[in-house]
Amino acid sequence: MLEWLGNKWALVVLVKISEGEPMRFNELYRNIPSVSEKVLSQVLKQLTTDGIIDRQLYPDVPPRVEYSITDLGKTLLPHVKALMKWGQDNFEQIMINRNDKISQ
C-alpha cells in the first residue's frame, strides 16, 4: 500500500500539480495554505519516488525544478476526485454527525 495515501497533503499536492502546467516548489508552497516547507518537500519526494509525479531539474542558473503529474498519477486522479466528490456530497451529514457527538 502507498504510505502517503492517508496523508492529506499528498492528495492536495497531487490535485494542485494536476491542474495544469508543471509547477515549481515555491509556486506549490504559495498555493497550498498551511503546509510547511518541510512537509511539502517530504510529500514531493515520496510522490516522485512512487512515480506519481515527475521532478524535472533544469541546469539554469540558479537551478530550476518543476513538478508535473506522470501517466501513472493521471490514472489515480479519477479516484481522488471521486473521493473529493463524496466528501462534498456528504459534508453536511458529516458535520451533523460531528455536532451530535460533541453535544453528547
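Bear in mind these aren't lab numbers, they're just calculated from the coordinates by the rules spelled out. Quick caveat: nothing in here was measured; it's all calculated off a predicted structure. Here the Cβ is made from the backbone with ideal geometry for all residues, glycine too, and neighbour counts use every protein chain on show.
Observations on the structure shown:
- Computed from Cα positions, the angle between helix 37-49 and the longest principal axis of the chain comes to roughly 80 degrees.
- Principal-axis analysis of the Cα atoms of the chain puts helix 8-18 at an angle of about 50° to the longest axis.
- Close Lys pairs in the chain (alpha-carbon distance under 20 Å; sequence gap of 8 or more, or different chains): 13.
- The C-alpha atoms of the chain define a longest principal axis, and helix 71-103 lies at about 30 degrees to it.
- Candidates per GluC sites (Glu not before Pro) in the range 32-104, loop by DSSP, up to 14 other Cβ within 10 Å: none
- Whether the range 3-78 is rounded, prolate or oblate, judged on the alpha carbon gyration tensor where a/c under 1.5 counts as rounded: oblate
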